[in-house]
Amino acid sequence: MSDMAIATAEHREMGKTGVRASAVGLGTWAIGGWMWGGTDEAESIAAIRASIDAGVTLIDTAPAYGMGRSEEIVGKAIAGRRDEVVLATKCGLVWHTDKGRHFFDQDGRPVHRYLGPESIAHELEQSLRRL
């Protein structure tokens, strides 16, 4: 067994949900590419799949990571393997509305902090589509 597989063999329950995930998770912020000089989709997909093969079952992503790009790549990487992973994503940084407080600009588009119920529903639908 590789060192990576040994390191990720431990799983823990997430709170009292009954959902179990690897103690070591894979963060996909850099896979979104926007702050890191771009991304190579094929290499990113290979890295995600290698992590799953090594025992990582927790994948962390967010719409704000490359304005949905990270979620799209994660979705491609887990195609046919969705039942092997626990996905953690977030909401509250939006570019589909100018409601809320301006937070930063990404690729020339303003991103706001906003958690209105209609925005959360919109973000959820978009995340599900990408993932």
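The values are calculated or read from the model by the stated rules, or taken from the named source; none is laboratory data. All values derive from a computational prediction rather than experimental measurement. Positions of Cβ are backbone-derived with ideal geometry, glycine not excepted, and every protein chain shown enters the neighbour counts. For the accessible areas, the whole protein counts, side chains as well, though only heavy atoms, and no ligand, DNA or RNA atoms are used. Shrake-Rupley method; radii C 1.70, N 1.55, O 1.52, S 1.80 Å.
Which order, highest average first, do 51-58, 14-21 follow once you tally other Cβ atoms within 10 Å for each residue and take the mean per peptide? Write down the numbers at each step before the final one.
Values: 51-58: 19.6, 14-21: 10.6.
Top to bottom by mean Cβ count within 10 Å: 51-58, 14-21.
Can you give me the long-range amide H partners of Trp34? Hydrogens built in the peptide plane at 1.01 Å from N, cutoff under 5 Å, separation of 5 or more residues or another chain.
Gly66
Length gain on complete extension for the stretch Asp105 to Ala23, per 0.36 nm per residue less the alpha carbon to alpha carbon distance?
Full extension of this stretch gives 26.2 nm more.
May I ask you to give the solvent-accessible area per residue for the stretch 75-131, in square angstrom, as obtained with a 1.4 angstrom probe?
Details: 3690 Å² over 57 residues.
With all protein chains present, the stretch 75-131 gives 65 Å² per residue.
May I ask you to list the residues of the stretch 72-113 whose amide nitrogen lies under 20 Å from a point 7 Å from Cα along the Cα→beta-carbon direction of Ala42?
72-79
At a 1.4 Å probe radius, carbon and sulfur cover how many percent of the accessible area of the stretch 13-59?
Carbon and sulfur: 59 percent of the exposed surface of the stretch 13-59.
Please pull out the direction-averaged projected area of the stretch 16-80, using the convex hull of its alpha-carbon atoms, in nm² to one decimal place. Write out the running numbers ahead of the final one.
On the way: hull surface 19.5 nm².
Mean orientational projected area (the stretch 16-80, Cα hull): 4.9 nm².
Residue separation times 0.36 nm, minus the C-alpha to C-alpha distance between His11 and Arg82: what's the value?
Full extension from His11 to Arg82 adds 23.8 nm.
Between Thr57 and residues 5 or more places away or on another chain, which pairs have amide H atoms under 5 Å apart, with H built 1.01 Å from N, and which residues are they?
For Thr57, the qualifying residues are Ser22.
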